[in-house]
Amino acid sequence: MAGPALKQLHSHRAIHEGGLSGAIGKTEMLIDFLQQGDEKNAGRAADDLIDYWKTRVISHADAEEEGFYLEIAAENPSLEKAVIQLTRDHDLMRFIVADIEELKEKEGISPAVLQKFYSLITVNELHSREEERLLFEQPAED
Ligand SMILES: [Fe+2]
Ligand SMILES: [Fe+2]
């Protein structure tokens, strides 16, 4: 069973908004350290940001796929396609996080790594918007 927070638009949206604003704040902190030339703290901030994406955002996606999405698709088969599309969005975020970890290992906090951190914010924002629209705001069809 999905937690009740995921099934209510209001509380689900609050999870999305909290996740996104935390990621934006941590990305800005990373940029500040880079601009100050503080490599040591920039490295810590980048690791913290990767961890944040995994524990706050990817773990939310995992929880949705393990319960909420299955229940929605079972209750309303017309939403099966939406669930597949939204799961692909989750996969894109997982791929980007994995790429960031691999690139950071090889190149440090390179421009490509920063570009991917920004792309995560964009994909996450669009995904949350679409999830709220497709799963909560569409009229149910029979
Ligand atoms: Fe999601
Ligand atoms: Fe969600």
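The values are calculated or read from the model by the stated rules, or taken from the named source; none is laboratory data. These figures come from a predicted structure and were not determined experimentally. Methodologically, a virtual Cβ is constructed for each residue, glycine included, from the backbone with ideal geometry; neighbour enumeration extends over all protein chains shown. Accessible surface areas use protein heavy atoms only, side chains included; no ligands, DNA or RNA. Shrake-Rupley method; radii C 1.70, N 1.55, O 1.52, S 1.80 Å.
Filter the range 49-59 down to the residues that are of a type in the set (Ser, Thr, Tyr) and crowded, with 16+ Cβ neighbours inside 10 Å and list them by number. Lay out the reasoning, then the answer.
Applying the first criterion (of a type in the set (Ser, Thr, Tyr)) to the range 49-59 yields 52, 55, 59.
Of everything in the range 49-59, just one residue is of a type in the set (Ser, Thr, Tyr) and crowded, with 16+ Cβ neighbours inside 10 Å, namely TYR52.
State all residues of the range 68-93 that are surrounded by fewer than 19 Cβ atoms within 10 Å (Cβ to Cβ) and of a type in the set (Gly, Ala, Ser); if no residue qualifies, say none.
ALA73, ALA74, SER78
Every residue, every condition in (1) at pLDDT 95 or above; (2) open to solvent by 60 Å² or more (accessible area, probe 1.4 Å); (3) not polar (S, T, N, Q), yes or no:
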site: PRO4; (1), (2), (3): no, yes, yes
site: HIS12; (1), (2), (3): yes, no, yes
site: HIS16; (1), (2), (3): yes, no, yes
site: ALA23; (1), (2), (3): yes, no, yes
site: ASP32; (1), (2), (3): yes, yes, yes
site: ALA42; (1), (2), (3): yes, no, yes
site: ASP47; (1), (2), (3): yes, yes, yes
site: ALA61; (1), (2), (3): yes, no, yes
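Restricting attention to the range 67-124, which residues are within 16 Å of ligand 1 (Cβ to nearest atom), among the acidic types (Asp, Glu) and within 17 Å of the chain's Cα centre (by Cα)? Lay out the reasoning, then the answer.
Pass one, the range 67-124, residues within 16 Å of ligand 1 (Cβ to nearest atom): 67-73, 79-97, 120-124.
Subset that is among the acidic types (Asp, Glu): 71, 80, 89, 91.
Listed by number, the residues that qualify are ASP89, ASP91.
Would you check if LYS26 is more than 16 Å from ligand 1 (Cβ to nearest atom), over 13 Å from the mean Cα position of the chain (by Cα) and either over 19 Å from ARG129 (Cβ atoms) or in contact (Cβ under 8 Å) with a residue 60 or more places away in the chain (or both)? Break it down stepwise before answering.
Values: more than 16 Å from ligand 1 (Cβ to nearest atom): yes; over 13 Å from the mean Cα position of the chain (by Cα): yes; either over 19 Å from ARG129 (Cβ atoms) or in contact (Cβ under 8 Å) with a residue 60 or more places away in the chain (or both): yes.
In short, yes.
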